[in-house]
Amino acid sequence: VEEKSPINTFIVDLSNDLEIKTLASYSLFELIPINKNLFSINNQTGYLTTLSILDREQMCLNQQCSCNSCEIFYQLIINIQQTTIYKIIEIKIQDRNDHSPIFDNESMIHIIHIKEHVPLGYRIVLPIANDPDEGSNSVQSYTLDGANSDDFYVDYTSIDIPYLVVRSLLDRQHISSYLLTLTASDDGQQPKPRTGSIQLDIRIINDSIPIFLQSVYSIDVREDTSVGTSLIKIEHYLILKQNNSSLIVNI
């Protein structure tokens with residue numbers, strides 16, 4: 001039976017399934033007390049129906065059933081004239097896609113630092129979205145969107161952890177920061193995707209070399225030159241990757 005089905009939803013005709021052709025009386029008993037008042041059986045027809053609204057995720061939290069496969073067991077007693085038949089009934093609560101994936105601290109931007117020039121294929125763990133639904137209704141994929149998002153892709157194939165994988169060489173001189181949207185999606189009939197924000201800050205590697213305009217500087221200095229006299233202007237250039245970058249020249 002699907003979770004969230006209305007009260008009195010018909011589940012099964014047990015007399016037909018058990019091929020009982022004569023008059024009989026039916027009784028249903030829960031094997032775990034907490035599962036009382038979930039289902040009802042008509043003692044004359046053997047029709048099994050729901051007696052309450054079933055919430056699979058809440059039943060999992062209450063340990064009324066397994067979280068992987070929500071199954072509940074009942075004892076069925078059938079009285080036919082002078083004969084009593086005992087059966088164990090297994091009822092599986094089917095999941096409905098009634099939850100969206102949820103990132104922790106969704107209102108915050110997740111900041112990730114990564115060094116420039118890391119090798120292609122470099123991997124970083126991404127924020128994980130949690131979805132209490134089961135099977136295809138739970139998180140099935142992650143995607144990245146945003147400016148220059150093609151420099152990366154998400155690997156979600158090995159274990160239930162999404163990895164950011166570097167696809168292009170990163171150069172802070174070209175792009176110093178990426179602001180991307182990470183989308184977690186389920187695969188239900190009515191998908192419920194959820195998004196989170198990621199800021200990738202590219203950290204500097206000091207690969208810029210100062211370049212002087214001349215390879216050799218030659219000057220003549222008089223022996224009586226005063227202390228503090230300006231002798232020559234040494235010119236160079238340097239591509240600075242940070243506003244607070246500095247250059248120290250020693251002679």
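Bear in mind that the values in this text are calculations on the coordinates, not laboratory data. Keep in mind that this is a model prediction, so the values were computed, not measured. Using ideal geometry, Cβ is built from the backbone for each residue, glycine included, and neighbour counts are taken over all protein chains shown.
A compact table of results
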read-out: Listed residue (9, 154, 188) projecting farthest to the positive dipole end of the chain, Cβ model; value: 9
read-out: Sites residue 80 and residue 53, calculated FRET efficiency, Cβ-Cβ separation with R0 35 Å, nearest 0.05; value: 0.55
read-out: Inter-part distance where region 217-238 and region 54-71 are each reduced to a Cα centre, Å; value: 83 Å
read-out: Peptides 124-131, 226-233 ordered by average Cβ neighbours within 10 Å, highest first; value: 124-131, 226-233
read-out: Sorted largest first, extent of the chain alpha carbons per principal axis (Å); value: 132, 28, 24
read-out: Distance-filtered residues of region 118-135 - backbone nitrogen under 20 Å, label point 7 angstrom along residue 100 Cα→Cβ; value: 127-135
read-out: Sites matching GluC sites (Glu not before Pro) across region 1-57 that sit in DSSP coil, with at most 11 neighbouring C-beta atoms within 10 Å; value: 19
read-out: Taking the chain and dividing mean pair separation by its residue count, relative contact order in percent (alpha carbons under 8 Å, at least six apart); value: 15 percent
read-out: R0 of 41 Å, Cβ-Cβ distance residue 211-residue 112: FRET efficiency to nearest 0.05; value: 0.80
read-out: Region 10-92, relative contact order in percent, only Cα pairs under 8 angstrom and at least six apart counted; value: 30 percent
read-out: 86, 142, 163 arranged by Cβ crowding within 10 Å, fewest neighbours leading; value: 86, 163, 142
read-out: With 10 Å bins from 0: P(r) over region 102-203, alpha-carbon pairs, percent; value: 15, 48, 28, 8, 1
read-out: Cα centre as origin, Lys/Arg/Asp/Glu Cβ charges: region 102-203 dipole, Debye; value: 420 debye
read-out: Whole-angstrom gap from region 122-160 to region 184-205, using each part's C-alpha centre; value: 7 Å
read-out: Net charge contributed by nearby residues that have their C-beta within less than 12 Å of residue 29 (K/R +1, D/E -1); value: +1
read-out: Check: the chain dipole with +1 on Lys, Arg Cβ and -1 on Asp, Glu Cβ, in debye; value: 180 debye
read-out: Simple spin-label estimate for residue 122 and residue 67 in nanometres, 7 Å along Cα-Cβ; value: 3.5 nm
read-out: Counting DSSP beta bridges with both ends in the chain, the antiparallel % (nearest 5); value: 85 percent
